[in-house]
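Laboratory data are not the source of any read-out in this text; all were calculated from the coordinates shown. Computed from a prediction, not measured in an experiment: that's the story for all the values here. Here the Cβ positions follow ideal geometry from the backbone for every residue, glycine too, while neighbour counts run over all protein chains shown.
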Amino acid sequence: MLNCVYAGMRVATKAQMSGIAVQRNCNWYRNGRGERNYKVTVVGAGGGIGQPLSLLLKQNALIDDLTLHDLSPTKGVATDLSHICTRTHVNFFEGVKQEGLIDSLKDANVVVVAAGQPRKMGMTRDDLVTANATIAMAVSCAMSISCPEAMLAFVTNPINMLVPIAAEFLKARGVYDPKRLFGVTTLDVVRAKTFIAEFMSINPSLVDIPVIGGHSGNTILPVFSHCSPKFTGVEDDVNRLTKRIQDAGNEVIAAKAGAGSATLSMAFASAYFVNALLRGLNNEPNVIESAYVSSDVTDLPFFATPVLLGPYGIKENMGLPELNTAEQAALENMLPELGQSIQAAIRLAQFVLKESNVGRAQGEATASASSASAQLA
Ligand SMILES: NC(=O)c1ccc[n+]([C@@H]2O[C@H](COP(=O)([O-])OP(=O)(O)OC[C@H]3O[C@@H](n4cnc5c(N)ncnc54)[C@H](O)[C@@H]3O)[C@@H](O)[C@H]2O)c1
Ligand SMILES: O=C(O)C[C@H](O)C(=O)O
């Protein structure tokens with residue numbers, strides 16, 4: 001049971017990116033004999049993503065403590081998972097009180113946030129900021145008390161805005177480390193691999209492609225000129241597949257017809273990304289994944305590129321791959337939109353921080369987070 005390896009991840013290939021051999025994020029369910037053990041807390045563990053994500057993490061041999069947190073009851077999910085015969089212990093916290101969140105995060109190595117509202121048809125991801133910003137604020141406050149050195153990975157939308165908001169709150173709490181804060185864009189990479197593999201009639205696990213920018217519409221830029229193996233389509237195919245990758249979230253929302261947005265594919269993608277963080281913590285070499293992070297590769301303060309992961313988070317930002325003319329134009333086209341989202345997020349965070357006691361109240365994240373929520377209400 002412990003040795004079962006997800007079939008699609010078995011095949012290891014080598015790709016060259018900036019001189020570093022990309023080692024695939026493979027064998028993620030392997031037996032962890034002799035490896036370190038980590039605590040991972042899933043915030044929003046009762047949700048459409050949270051439950052299957054927790055199921056996948058229960059099978060990760062690097063995790064010995066899987067802690068679930070949600071506003072809604074998590075006891076049932078935790079009890080159910082706890083019957084699975086892997087050695088990972090499952091703990092749970094539930095309810096609206098910030099103390100529960102603080103306790104759930106105690107000494108976590110990785111915190112993955114999948115809490116909050118999903119989009120409905122016709123909404124943009126940025127439309128979710130009013131509903132979901134307080135979650136980023138509350139988690140950042142709680143982390144500053146419970147696990148200031150943890151890796152913090154946001155699944156919750158809008159990724160383009162919540163990561164800058166969390167950065168402002170972590171700064172205000174005096175615990176910001178840009179190397180440990182991530183927006184999870186893995187689903188864009190997963191989709192790119194899948195659609196390209198379908199087009200080229202090959203196994204998706206053979207495909208490598210950097211996806212840069214952010215996580216919404218045309219801020220999602222798959223860099224086809226760096227696809228490995230070389231993409232065999234013509235320009236029209238690149239344009240059509242790029243559009244499909246950018247609009248794939250809408251494709252799922254339409255297909256689910258009112259029952260939410262992507263959950264299962266995102267659970268896969270976020271479990272894969274959490275495993276990459278754990279492999280980095282475990283000091284494995286050449287763990288490289290795309291993520292939306294603090295960045296100086298463009299003029300924007302946050303941008304998704306492939307990053308090399310290590311025991312302290314980001315070891316190295318692999319930077320922008322060399323772009324062809326069309327990709328360069330697409331990059332320039334996205335920057336104003338992404339920049340506006342980031343600036344709006346920073347303004348919102350700074351407004352709430354100014355009106356609340358988050359920065360001043362040392363050790364009082366309960367009051368801080370409630371006061372932040374009150375400012376947004
Ligand atoms: N990054 C990506 O690629 C990606 C992909 C898919 C979905 N998402 C986003 O993930 C988020 C979750 O989506 P979902 O489909 O699982 O939604 P869902 O409604 O099924 O689940 C959300 C869960 O969060 C819980 N929750 C809400 N507020 C909370 C809080 N303050 N603290 C703890 N728990 C809280 C809810 O009780 C619920 O169980 C959405 O914002 C969605 O847009 C991101
Ligand atoms: O589309 C959404 O709102 C959810 C997610 O960001 C996705 O890309 O599927």
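A cut-off of 5 Å between modelled amide H atoms, ignoring neighbours fewer than 5 places along the same chain, links Thr185 with Tyr292. Placing a label point 7 Å from the Cα of Thr232 along the Cα-to-Cβ line, the residues of region 176-211 whose backbone N sits under 13 Å from it are 196-203.
Placing pseudo-labels 7 Å out from each Cα toward the beta carbon at Gln350 and Ala326 gives an inter-label distance of 3.9 nm.
Calculate, for Ser201 and Asp296, the FRET efficiency according to 1/(1 + (r/R0)^6) with r their C-beta to C-beta distance and R0 41 Å; round to the nearest 0.05. Walk me through the intermediate numbers first.
On the way: r = 39 Å, r/R0 = 0.96.
The calculated FRET efficiency here is 0.55.
Please report the antiparallel percentage of DSSP beta bridges with both residues in the chain, rounded to the nearest 5. If you can, show how the numbers build up before the last one.
Values: 20 of 44 bridges.
In the chain, approximately 45 percent of DSSP beta bridges are antiparallel ones.
For Ser216, Ser225, the sequence from fewest to most other C-beta atoms within 10 Å is Ser225, Ser216. Where only DSSP H runs of four or more residues are counted, the chain gives -13000 deg cm²/dmol as its mean residue ellipticity at 222 nm, each run worth -39500 (n - 2.57).
For the listed peptides 339-346, 67-74, 191-198, 322-329, a ranking on the average number of other beta carbons within 10 Å per residue, highest first, reads 67-74, 191-198, 339-346, 322-329. The aspartates and glutamates whose alpha-carbon is closer than 16 Å to the alpha-carbon of Lys315, local same-chain residues fewer than 8 away aside, are Glu149, Asp177, Glu284, Glu289, Asp296. Near the amide H of Val287, within less than 5 Å, lie the amide hydrogens of Leu309, all on another chain or at least 5 residues away, with H placed in the peptide plane. Applied to region 304-317, the Karplus parametrisation 6.51 cos²θ - 1.76 cosθ + 1.60 on θ = phi - 60° returns per-residue 3J(HN,Hα) values of 8, 8, x, 10, 8, 9, x, x, 10, x, 6, 7, 7, 7 Hz, with x for Gly and Pro. Quick check: from the Cα gyration tensor, does region 55-124 come out rounded (a/c under 1.5), prolate or oblate? Prolate is the answer for region 55-124, as a/c is 1.5 or above and a/b outweighs b/c. Per residue, the convex hull around the alpha carbon atoms of region 186-336 comes to 121 Å³. Shape class for region 237-299, computed from the alpha carbon gyration tensor (a ≥ b ≥ c): oblate, with a/c not under 1.5 and a/b at or below b/c. Backbone geometry of region 287-296 corresponds, through the Karplus equation with coefficients 6.51, -1.76 and 1.60 at θ = phi - 60°, to 3J(HN,Hα) couplings of 8, 10, 9, 6, 7, 8, 9, 4, 7, 10 Hz, x marking Gly and Pro. Spin-label model, Ser82 to Leu55: label points 7 Å out along the Cα-to-beta-carbon direction sit 2.0 nm apart. Can you classify the chain as rounded, prolate or oblate using the Cα gyration tensor, where a ≥ b ≥ c are the square roots of its eigenvalues, rounded means a/c under 1.5, and otherwise it's prolate if a/b beats b/c and oblate if not? Oblate. Each residue of region 104-153 gets 70 Å³ once the volume of the Cα convex hull is shared out per residue.
Taking amide H atoms as placed 1.01 Å from N in the peptide plane, the amide H of Ala115 lies under 5 Å from those of Thr156, each 5 or more residues away in sequence or on another chain. Listed by chain and number, the lysines whose alpha-carbon sits under 30 Å from that of Lys120, ignoring those within fewer than 8 places in the same chain, are Lys58, Lys75, Lys97, Lys193, Lys243, Lys256.
Entry note, the chain: relative contact order of 17 percent, from Cα contacts under 8 Å with a spacing of 6+ residues.
Full-extension gain between Lys256 and Asn357, please, as 0.36 nm times their residue separation minus the C-alpha to C-alpha distance.
Values: separation 101, 0.36 × 101 = 36.36 nm, distance 4.13 nm.
Once the chain is fully extended between Lys256 and Asn357, it gains 32.2 nm.
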